[in-house]
Amino acid sequence: MSRAGAPLKGRAGRLARLMPSASPSSAARTPFVLLVVLLLGGGLITLLLLNSALNEGSFRLSELKRDTTELTDEQQALQRDVDSYSQPGALERRARELGMVPGGSPAFLDPDGTVRGVPTKATAPPPSPSPSPTPSPEPTPEDGAQADEAGAGVPSATPSGTATPSPGAAAQPEPEDAPAPENTPATPPPTNPGR
C-alpha cells in the first residue's frame, strides 16, 4: 500500500497539481461569499423599504386627491351660494329686510367745483298694504258714532284704506270701470339696482 506523504505519479500527480489545495482556497473564499451575501441581503432590505415607502406615498396621494375633490365640491357649492346672494333681486330683498331704501337722484361734483344735478334725499316708499281683517257684522260704538256723523248712505273709511258702507246704508254695487279709491296707497314700481 502507498504512503500518505508519497508523491503521486502519472496521471494522478498531474491532477493533484491542477487542483489547488483545500485549506488556502477556502480561507480566501469565505470573505468574498460573506460580502456577496451581505450585499444581496442589504439590497433586498433596501428594496423592501423603498417599496413600502412608495406604497405609503401612493396611499397618501389617493387621500389627498379625495380631499381635493371634496374641497372642490365645497368651493363650488359656496360659489353657487355667493352667486345666488349677489343676484339683483336677492340684494334688493335683503336690503329692504335691513331697512335700506333706494337712493334718490345722484349729484356729481365736477373738477372745477360745480355741482351737476340736484341731489335728493332717499325716502322710504310707503309700506305695502297689509291684508285687512274682515269687518264684524255688529257695529261698535265707534262705528255707530261715525255713521251718525257721516249720515246715512255715505261710506266710512277704515284704517286699512278700504271703504265700508255704514250700517244703515243700502249696499251699492260698484261699476267695473270705476277708478280705484283715492285713499288706496299706490305701490311704487320695483327698482332693480344696476350692475
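The values are calculated or read from the model by the stated rules, or taken from the named source; none is laboratory data. Being a predicted model, the structure only gives us computed values, none of them experimental. Cβ atoms come from the backbone with ideal geometry, glycine included; neighbour counts cover every protein chain shown. To get the accessible areas, we keep the full protein, side chains included, count just its heavy atoms, and leave off ligands, DNA and RNA. Shrake-Rupley method; radii C 1.70, N 1.55, O 1.52, S 1.80 Å.
A few points about this structure:
- If you filter region 101-122 down to residues that are at pLDDT 90 or above, in a loop (DSSP other than H, G, I, E, B) and open to solvent by 60 Å² or more (accessible area, probe 1.4 Å), you find that the one that is farthest from S84 (Cα to Cα) is D112.
- Test: residue in region 29-48 that is under 23 Å from the mean Cα position of the chain (by Cα) and at pLDDT 90 or above: no
- Contacts under 6 angstrom Cβ, first residue in region 102-116 being closer than 30 Å to G89 by Cα, partner in a loop (DSSP other than H, G, I, E, B) and aliphatic (A, V, I, L, M), 6 or more apart: G103/A122; G104/A122
- Looking only at residues in region 73-94 that are without any contact (Cβ under 8 Å) to a residue 60 or more places away in the chain, open to solvent by less than 60 Å² (accessible area, probe 1.4 Å) and assigned to a helix (DSSP H, G or I), the one that is farthest from A124 (Cα to Cα) is A77.
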